[in-house]
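The next block holds one structure in the form of structure tokens; read it before the comments.
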Amino acid sequence: MITRAARATYTCRDCGHSTPKWTGQCPRCEAWNSIDEKSPALSVPPVGSSRGGRAPVTHTPWTDVIEPVALNDISTAQRIRTATGLPELDRVLGGGFVPGSTVLLGGDPGIGKSTLLLQTAAGAAVTAGRVIYSTGEESPDQIKLRSDRLGLTREDLFVVPSGDVVSLGALADEFRPSLLIVDSIQTSWHSAVDGAPGSIGQVRQSAAELCAIARRTGAAVVLAGHVTKEGAIAGPKVLEHVVDVVLQMEGETGTPLRLLRGVKNRYGATDELGVFEMTGDGLRGVAEPSAMFLSQRQPGASGSAVATVIEGTRPLTIEVQALVTPTQSTSSRRTAAGYDPGRLHLLVAVISKRLKIPLGSQDVVVNIAGGLRISEPAADLAVALAIISSYMDVPVRDGLSASGEIGLGGELRAVHQAARRVGEATRLGFDLCLLPAGSADLGPAESAVVRAATLADAVRAALPVPGTAGERSR
Ligand code: TYD
Ligand code: MG
């Protein structure tokens, strides 16, 4: 007895989504022409198998025969992670590479992707064994020179100077690497697809093949990808859908700071930040990022304030700079680097309305020092203090760090993890932490804390000058 009629299903090559009908575009991942017809598998149950005297189950003709799996029976042994030997990378990955997963490392050309991957390859070869570094970008000579320059161990590290993903799959089947690095997806190509490497079809099919290699061999596969001017990782958006983890490497050319962020992570959080410094001997993890972000600060200058924020699991004490100058043209400008421009507009409106500071006729520029990008609203208070400090040309009280989200009424909203913020700031020599009145009581650490319920209160504590905006708004 055959319980399934001979009816085909259609499956997306890129994301595995099944549909009963053929369509030109996958409804889940939006890839075009990626739907293949799959002939139905026939399932033949043993004759007369009717458990407990019940009638045999008959399936609707074209549905799959599915079996539930008890959550208790699923082994997570294969989820043991491969440490990369680079703690800052492990942090962003959520503890190392997951075997069988695919990771995309994006970033501008020249930012340091190949450097990071070669260091990772050498590190993982030590902790997990055999690593293949395949490159369509550089020659084996260049890789060798770089590895010498970086002083890397070469044990169990193999270079493949090719971007042919089908051959790479055959090699991985036999060689069983713990980690397979592909530098880059734009120089990878699949022999079954027309078009030059880097074309959309090639990028998509190569990525799908590499994901299949990861699943099949249990190797973690890492792809490097250039980023286009628009900021999207080059190639179809589907590239981000097919991989398990997307990491983005950022930094400004000419400065040594390199930040690694999780954009997508099926096996961990995406808000972790890895901090590196590009040196003459490769990328070095920065153990003390706060000290690095504060290193250029000029104490006593107006327009500067210090914020303690939480990025991922880590507190960071950073400098916020602002410059407020009278507007010369018809409309005033607000510019933010490292801070959300929409939030800057909001803060300028709150300061103008609640503290009666006429910022409408002023240009306001805000910069997070060190090239950092801060998304936590707890940075609001320091941004507002830096703006007001610049407008009044009065420095913020020496040794003060501020954390607080500002509401539309000028009220300060409680921040989470207040104790860790105060701990980080005091460790770095800041003797006073300005916190919202509503944040948790810190017991003995309260001696280093001053509380404010509103922005006006905070200005009085941080910029204690008679006749200031804070005084006037009383
Ligand atoms: P690279 O890793 O080739 O960048 P990507 O693969 O993202 O294009 O890095 C290139 C830059 O890094 C290049 O400008 C030189 C610099 N660099 C160092 O400063 N120190 C080093 O030890 C290495 C290997 C590179
Ligand atoms: Mg490169």
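The values are calculated or read from the model by the stated rules, or taken from the named source; none is laboratory data. Computed from a predicted structure; not experimentally measured. Cβ sites come from the backbone with ideal geometry, for glycine too, and all protein chains shown count toward neighbours.
Cβ separations smaller than 7 Å between residues 6+ apart or across chains give the following pairs from region 117-128 residues that are under 11 Å from Ala83 (Cα atoms) and in contact (Cβ under 8 Å) with a residue 60 or more places away in the chain to residues that are more than 12 Å from ligand 1 (Cβ to nearest atom) and in a helix (DSSP H, G or I): Thr120/Leu89. All conditions in (1) within 12 Å of ligand 2 (Cβ to nearest atom); (2) more than 19 Å from Phe276 (Cα to Cα); (3) surrounded by fewer than 23 Cβ atoms within 10 Å (Cβ to Cβ) hold for Pro109, with the sole exception of (2). Please tell me if Ala307 is in a loop (DSSP other than H, G, I, E, B) and touching a residue at least 24 places away in the same chain (Cβ under 8 Å). For Ala307, the condition - in a loop (DSSP other than H, G, I, E, B) and touching a residue at least 24 places away in the same chain (Cβ under 8 Å) - is not met.
Scanning region 222-247 for residues that are modelled with pLDDT under 90 and either closer than 30 Å to Gln296 by Cβ or within 12 Å of ligand 1 (Cβ to nearest atom) (or both) yields His226, Val227, Lys229, Gly231. One residue alone among Gly129, Gly151, Gly169, Gly163 is closer than 24 Å to Arg204 by Cβ and out of contact with any strand residue (DSSP E or B) (no Cβ under 6 Å at 6 or more places or on another chain), and that residue is Gly169.
Condition check for Ile143 on (1) more than 16 Å from ligand 1 (Cβ to nearest atom); (2) buried (at least 20 other Cβ atoms within 10 Å of the Cβ); (3) among the β-branched types (Val, Ile, Thr); (4) closer than 22 Å to Gly198 by Cβ: one failure, at (1). Take the conditions (1) more than 14 Å from ligand 1 (Cβ to nearest atom); (2) among the charged types (D, E, K, R); (3) in the same structural domain as Trp189 (by TED's automatic domain parsing); Asp73 misses just one of them, which is (3).
Within region 372-397, being outside any helix (DSSP H, G or I), among the aliphatic types (A, V, I, L, M) and more than 11 Å from Leu463 (Cβ to Cβ) holds for Leu372, Ile374. Checking each residue in region 400-414 for being touching a helix residue (DSSP H, G or I) at 6+ places or on another chain (Cβ under 7 Å) and without any contact (Cβ under 8 Å) to a residue 40 or more places away in the chain picks out only Glu405. Do we have Gly163 as in contact with a Phe, Trp or Tyr (Cβ under 6 Å, 6 or more places away or on another chain) and either within 12 Å of ligand 1 (Cβ to nearest atom) or without any contact (Cβ under 8 Å) to a residue 60 or more places away in the chain (or both) here? Against the criterion (in contact with a Phe, Trp or Tyr (Cβ under 6 Å, 6 or more places away or on another chain) and either within 12 Å of ligand 1 (Cβ to nearest atom) or without any contact (Cβ under 8 Å) to a residue 60 or more places away in the chain (or both)), Gly163 qualifies. Scanning region 160-188 for residues that are polar (S, T, N, Q) and away from ligand 2 (no atom under 16 Å from the Cβ) returns Ser167, Ser178.
Among the residues of region 281-327, which ones are on the phi > 0 side of the Ramachandran plot and in the same structural domain as Cys433 (by TED's automatic domain parsing)?
Here is the first cut: in region 281-327, the residues on the phi > 0 side of the Ramachandran plot are 282, 300, 303, 312.
Scanning region 281-327 gives Gly300, Gly303, Gly312.
If only residues of region 109-140 that are more than 25 Å from Gly218 (Cα to Cα) and among the small types (Gly, Ala, Ser) are counted, the one that is farthest from ligand 1 (Cβ to nearest atom) is Ser139. The residue of region 280-291 that is nearest to the chain's Cα centre (by Cα), among those that are under 27 Å from Glu405 (Cβ atoms) and surrounded by fewer than 18 Cβ atoms within 10 Å (Cβ to Cβ), is Glu288.
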